[in-house]
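Take a look at the structure below.
The values are calculated or read from the model by the stated rules, or taken from the named source; none is laboratory data. Computed from a predicted structure; not experimentally measured. Please note: Cβ atoms are built from the backbone with ideal geometry, for glycine as well, and neighbour counts cover all protein chains shown. Just so you know, the surface numbers come from the protein's heavy atoms only, side chains and all, with ligands and any DNA or RNA stripped out. Shrake-Rupley method; radii C 1.70, N 1.55, O 1.52, S 1.80 Å.
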Amino acid sequence: MLAVTSQDHIQSYYAATVNDRTRYPALEGTVKADVCVVGGGFSGVATALTMAERGRSVVLLEANRIGWGASGRNGGQMIGGISGEATIERQLGKAGAKLVRDIRYRGHDIIEGRVAKYGIACDLKHGWMEVAARPRHMAALRAHFDERVSEGEGDHLELVESEDLRRVLGTSVYHGGFIDRRSGHLHGLNLCLGEARAAADLGVKIFEDSQVVALEGGAKPWVKTERGRVEAGTVVIGGEIFDRFGHERLKGLMLPTGSYIIATEPLSEAVVAEINPQDLAVCDSNVVLDYYRLSADRRMLFGGRCNYSNRDPEDIGASMRPRMVEIFPQLRHSKIDFAWGGRIAIVMNRVPVIEHLEPNLYVLQGYSGHGVNATHIAAEIVSDAICGVTEKFDLFDRIQHTRLPLSDLFGNQMLALGMLYYRLRDLF
Ligand SMILES: Cc1cc2nc3c(=O)[nH]c(=O)nc-3n(C[C@H](O)[C@H](O)[C@H](O)COP(=O)(O)OP(=O)(O)OC[C@H]3O[C@@H](n4cnc5c(N)ncnc54)[C@H](O)[C@@H]3O)c2cc1C
């Protein structure tokens, strides 16, 4: 029997500001359900809620606490589109291009609908911007803007030329940007906990401290935890779970890479008006990127990488602060109140994994750092497939993913090398 120890939410700005401290019990004994979902992040919780909304009985198993993983720690940027769009279009042709367009804001729609329907307080705000860290990035942003406008999206997009950037952000380090007012930002942990509460109210049986140690699909799917068992019609591995449950097809697929965030003390209204008057969430165009936004209580939440070794730094605050101050010297005296990190699940071709592993066993994971929108899209696509509507699922299931051989032995070194390569490329 595996020794199982569960963990509470890590210390972060999010954990310090949760508005629902509900504790769900651990699974004991055998329960039956139409669907058993493994993982209590956005992917799993959104799948459980969607299936419950459709009248199915659902069990959700979380090893630690709801929102313990990336969903409760992220930058909170709700970004249109999913990662790997170019690969989807290349591999699937016209059908891929249509898919990319059709789902671009689907996760936003789902999140906004649930925030309104279930009264989830998660500080949802609109306004997101990609900024050009190099002059060449601006040419790419301009081309992207033109293409999107030609597709009829001009009403919520805006291109900001270099000379106008100071009007939007109080820094002189960028070469322009692209604003998407349909995208935005939110408090991920409160969204995840709010969706879990809505699911529980609809009858989903949620179990925390219930790590899944084995599972099987096929004619009679089952899932096993240390002290319990679920017998279900369908099993969904719902989230960026690095256990493979003996499935070779999950091997070498996702590489965990560290990403870190610092939260300053609350800033004065005058500083906020100077550095980010439109309250936008911001990402730069680098592959190894900076991302930041203001929290509802006016803290700067500044995220990115600390190093290129893919090892957690000893002092996240000390590693991240210089980069933040380089961009916003106005924050040089601001105290850092919180610093934390998490794992981003990078997939080699960047396309989220939405697949069948066996009959009645689905997997959705690997959003390569763009999971807020994409998890909700993936959850709906898998829920549709379970209910017999397979059009979008079949397209994702056809995507060829690259699996890294020997990733167990050398995954960390390969990632470190890859990041170094992209960091050098970002510099020019
Ligand atoms: C620091 C950071 C910043 C990010 N910023 C952004 C951002 O700004 N915008 C954006 O779109 N995306 C961002 N992301 C990515 C995004 O957070 C993720 O893609 C998304 O949250 C993934 O959700 P998930 O449900 O698939 O996985 P997770 O949220 O990681 O959930 C997986 C859950 O499964 C549980 N689990 C693991 N093993 C087992 C088991 N054996 N049995 C039962 N349960 C198990 C874990 O405890 C965990 O709670 C960021 C990620 C990180 C780490």
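If the convex hull of the alpha-carbon atoms of the chain is projected onto planes in all directions, what is the mean projected area in square nanometres?
19.6
Could you give the length gained on full extension between residue 159 and residue 389, defined as 0.36 nm per residue of separation minus the Cα-Cα distance, in nm?
79.0 nm
Would you work out what percent of the accessible area of the chain, with all protein chains in place, is carbon or sulfur (probe 1.4 Å)?
It is 52 percent, rounded to a whole number.
Accessible surface of residue 283 in the full protein assembly, 1.4 angstrom probe, to the nearest 10 Å²?
Taking all protein chains as shown, residue 283 has close to 10 Å².
Tell me, what are the semi-axes, in whole angstrom and largest first, of the equivalent ellipsoid of the range 280-346 as set by the roots of 5 times the Cα gyration tensor eigenvalues?
Equivalent ellipsoid of the range 280-346: 19, 15, 12 Å, largest first.
Using a cut-off of 12 Å between beta-carbons, work out the net charge of the residues near residue 221 (Lys and Arg +1, Asp and Glu -1, residue 221 not included).
Once all neighbours under 12 Å are counted, the net charge is 0.
From the convex hull of the Cα coordinates of the range 194-296, what is the mean projected area in square nanometres?
Dividing the Cα hull surface by four gives the mean projection, 11.1 nm².
Using a probe radius of 1.4 Å on heavy atoms only, what accessible surface per residue do you get for the range 260-410? Whole Å² is fine.
40
Send over the semi-axes of the range 92-142's equivalent ellipsoid, whole angstrom and largest first, taken as the square roots of 5 times the C-alpha gyration tensor eigenvalues.
In descending order the semi-axes read 29, 21, 5 Å.
Cα atoms only, the range 122-215: Rg and Dmax in Å?
19.9, 57
If one puts a single equal scatterer on every Cα of the range 1-116 and applies the Debye formula without solvent, what log₁₀ I(q)/I(0) results at q = 0.17, 0.18, 0.23 Å⁻¹?
Reported log10 I(q)/I(0), two decimals: -1.06, -1.13, -1.35.
Take the Cα gyration tensor of the range 322-411, multiply each eigenvalue by 5, square-root it, and list the three semi-axes largest first, rounded to whole angstrom.
36, 18, 11
Quick check: pseudo-label points 7 Å beyond the Cα along Cα→Cβ at residue 358 and residue 323, how many nm apart are they?
Simple spin-label model gives 4.2 nm for this pair.
When DSSP beta bridges are limited to those with both residues in the chain, what percentage is antiparallel, rounded to the nearest 5?
That works out to approximately 65 percent antiparallel.
Find the relative contact order for the range 159-310 and round it to a whole percent, using C-alpha pairs within less than 8 Å whose residues are 6+ positions apart.
This gives 19 percent for the range 159-310.
How large is ³J(HN,Hα), in whole Hz, for each residue of the range 69-86 in order, when computed from phi with the Karplus curve 6.51 cos²θ - 1.76 cosθ + 1.60 and θ = phi - 60°, using x for Gly and Pro?
Each residue's phi maps through the Karplus curve to give x, 4, 4, x, 10, 7, x, x, 7, 9, 10, x, x, 10, 6, x, 4, 4 Hz.
Quick one: length gained pulling residue 248 to residue 219 fully straight, 0.36 nm per residue minus the C-alpha distance?
Fully extending the segment from residue 248 to residue 219 adds 8.5 nm.
Round to the nearest 10 and report in Å² the accessible area of residue 57, as given by a 1.4 Å probe over the protein chains' heavy atoms.
Number for this one is 50 Å².
How much net charge surrounds residue 365 when only the other residues with a Cβ under 10 Å from the Cβ of residue 365 are counted, with Lys and Arg +1 and Asp and Glu -1?
-2
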